[in-house]
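Submitted below is the structure of interest, expressed as structure tokens.
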């Protein structure tokens, strides 16, 4: 453990302006390094990362964050990353780096191939002379569960900001740890996500377009086994349904899942258990349609249900028909993070959120973009939160 | 629910592959499905909401089956709460949640009757001294009625005298072992334990230079997951024990805590064989019935569960039915077990560790 403490003590503070050139170059080089890895196509989330940290994308994000203020990183940022999401840590780190900070990243306790690959790339870049300062000011740490409290406390006592990815329990636990008075916490707690389709638009679509949306929908649902906060579980059909088209759509998703998702017996048993537990527990849930074991859809009989804690796994969709958008507040609760949608205008959701005083729904994205990572996450502008403004008067 | 007597009256319990029994078994399972549907609201919801017809032409195979994990999540009862006589709970697996099975007096008695019937048919009616590779349950003050304790009590029916090999600290009590061997090893005797304890505490620890185990019949079961984790198969387990202790009669049993009583024993050729009280089906990952000699998920049907709807369960275990002419003389379903389906990585934003 002492070696961990030493490596924390040896870190050199290095702060910079958000989107400084060195950080952009580093991420661009990282993109190149990942591209070189032969097996990268086996990992869709790594593959997506090639695009995400490429200079072109980052410059685009920089443009969106244009400011006249003099901004600079807050100092040391402690990243507490979830234990069972392999690649979350790299996004957390990139946020910290892009906002101009030095970073201590707590890696997931579980082993994931993706993490090994990324750390190898980073290590390689750190060995270059160009990035010697980044090497000295950033640290990736993995520590045992039994040492966790001690080391987390130690790092917290030296942090200027913390990013805590929950579980509610993790967030709560970390919040109890004493931090310096000026240290700020950015917490991402447990959330759920939903999807909504405007039938007026959907019913007039050609088959090939429905196929395309089905493919996008598939990625939203099945990436990360439907276990991420941004994975939708409920699908709302708004307006008059066209049974035939709807069935075609769902059938298509199951076919894509059959083709693309690497199901084994454990996935299926977990999924079946999840389904049976839900239909026993919630009287409001109605009949189930099984597309073999590739996709289950469950009808909702009664709209008076709290959907917050109803989550599927490996491809379970709970379906509801609603007449108007103004029925949605019943389902968009505080815990609601992402709404993936088809066929709506931005204005419609703005109005809904305003008139109904909605505390949930931080991301309204097109179907297929549930997993697109943005610097604005869970309603928080991460770059602005992790940097401070120096005012000159 | 006195249909069970009809099964108990049958003395030919390893002769289940005949038309007469098959149709009785199917009718019984069908009736049990109807019965639980009437008695257990959650089970009835399950049957109504799911229309799982994955059995082709077979009536038996088309009956709805619950996933084994459901007993970890839901309290499923087909009796009034005040009729609960005993609660069985699993030893708990990686997920940390334990299965709970609620028995009334009748169900509990039936479990004992069926287990006795299977054991006496398999090993003979004569009781013999039994060495348990366990701590003495009376001394260790175990309050909960766990799966392991249930098995211990169940198998003690074979014992004329019971001895416990392990001390409270888990170490071997050599004094007891030597006394037991001195007194009983000249004639036939039993050794019973969980597969992992047999391996860990018996096989690994005991120095056998001066002890003679050749008259022993070793019965073990459960907990083989721990062994497969360290890469030891049923076959190599047997070989190792035989080599070290000269024990030739080694019998593995397979069963679910959810279906205590109706267990499956290995025949002399190393196949698990069904009795008239239960049977298995093998399904693929889409729950389609697999033909013989194909590996898939094991579904177990048992006539025993009446106080809870556990008569038809799909497990997380992988196995295959072997269509062979086995010279063991038992006319039941012969099958092999290939361990638990490998646990996939669990991903997600939750607090799981």
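Would you order B:273, B:68 from fewest to most other beta-carbon atoms within 10 Å of each residue's own beta-carbon?
In order of increasing Cβ crowding within 10 Å: B:273, B:68.
Could you tell me what fraction of 2.2 N^0.38 Å the Cα radius of gyration of chain B comes to, as a two-decimal ratio?
Chain B yields a ratio of 1.00.
Residue by residue through A:286-292, how many Cβ atoms from other chains fall within 10 Å of the Cβ on average?
Mean partner shielding for this stretch: 4.
Also, quick follow-up: Most exposed first by the Cβ proxy, i.e. fewest other Cβ within 10 Å, how do B:220, A:233 rank?
A:233, B:220
Also, I was wondering about something else. Compute the helix-to-body angle for A:88-98: its Cα long axis versus the longest principal axis of chain A, expressed 0 to 90° and rounded to tens.
For A:88-98 against chain A, the angle is about 50 degrees.
Please check: in the Gaussian network model of chain B (C-alpha springs, under 10 Å), which one of B:336, B:98, B:205 has the largest mean-square fluctuation.
Greatest mean-square fluctuation among the candidates belongs to B:205.
Does anyone have the angle between helix A:55-64 and the longest principal axis of chain A? Alpha-carbon axes, 0 to 90°, nearest 10?
Between helix and principal axis, roughly 80 degrees.
Over the range B:112-254, what is the percentage of antiparallel beta bridges among all DSSP beta bridges, to the nearest 5?
Percent antiparallel among DSSP bridges in the range B:112-254 is about 5.
Once the piece of chain linking residue A:47 and residue A:153 is laid out straight, how much longer is it, given 0.36 nm per residue of separation minus the C-alpha distance between them?
Extra length available between residue A:47 and residue A:153 comes to 34.7 nm.
Suppose each label sits 7 Å from its Cα in the direction of the beta carbon; what would the residue B:20-residue A:17 distance come out to in nanometres?
Computed distance between label sites residue B:20 and residue A:17 equals 9.4 nm.
From the Cα gyration tensor of the range B:112-254, with a ≥ b ≥ c the square roots of its eigenvalues, which class applies: rounded if a/c is under 1.5, or else prolate if a/b is larger than b/c, or else oblate?
rounded
May I ask you to work out the translational diffusion coefficient for the protein assembly as shown at 20 °C, viscosity 1.002 mPa s, via Stokes-Einstein with Rh from the Kirkwood sum over Cα pairs, reported in whole µm²/s?
73 µm²/s
Given a Förster distance of 22 angstrom, what is the FRET efficiency for residue B:5 paired with residue B:188, based on the Cβ-Cβ distance and rounded to 0.05?
0.10
Here's a follow-up. When only alpha-carbon atoms are used, what values of Rg and Dmax, in angstrom, describe chain A?
22.2, 67
To continue, here is another question. Using alpha carbons only, how many angstrom separate the centre of the range B:121-137 from the centre of the range A:15-54?
64 Å
Determine the percent antiparallel among the DSSP beta bridges restricted to chain B, to the nearest 5.
Antiparallel bridges: around 55 percent, rounded to the nearest 5.
Would you work out if the range A:112-167 is rounded, prolate or oblate? Take a ≥ b ≥ c from the square roots of the eigenvalues of the alpha-carbon gyration tensor; rounded if a/c is under 1.5, else prolate when a/b is larger than b/c, oblate otherwise.
Verdict is oblate for the range A:112-167.
Please check: in the Gaussian network model of chain A (C-alpha springs, under 10 Å), which one of A:144, A:302, A:264 has the largest mean-square fluctuation.
A:264
Next up: Using the scaling law 2.2 N^0.38 Å as the reference, what is the normalised Cα Rg of the range A:21-82?
Computed over Cα atoms of the range A:21-82, the ratio equals 1.36.
Test of understanding: in a Gaussian network model of chain B with alpha carbons linked when under 10 Å, which of B:106, B:198, B:133 would top the mean-square fluctuation ranking?
B:106
Return the inverse of the average 1/r over all pairs of distinct C-alpha atoms in the range A:263-326, which is the Kirkwood hydrodynamic radius, in Å to one decimal.
Evaluated over the range A:263-326, this radius sits at 12.4 Å.
Of B:328, A:121, A:229, A:183, how do they rank once you tally other Cβ atoms within 10 Å and put the fewest first?
Ordered by Cβ neighbours within 10 Å, fewest first: B:328, A:183, A:121, A:229.
By how many degrees, between 0 and 90 and to the nearest 10, does the Cα long axis of helix B:234-245 differ from the longest principal axis of chain B?
20 degrees
Taking every residue in A:274-282, how many Cβ atoms of other protein chains lie within 10 Å of its Cβ, on average?
6
Quick note: the coordinates plus some simple rules give every number you see, no bench work behind them. Given the structure is predicted, the values throughout are model-derived calculations rather than measurements. Heads up, the Cβs are rebuilt from the backbone with ideal geometry, glycines too, and the neighbour counts pull from every protein chain shown.
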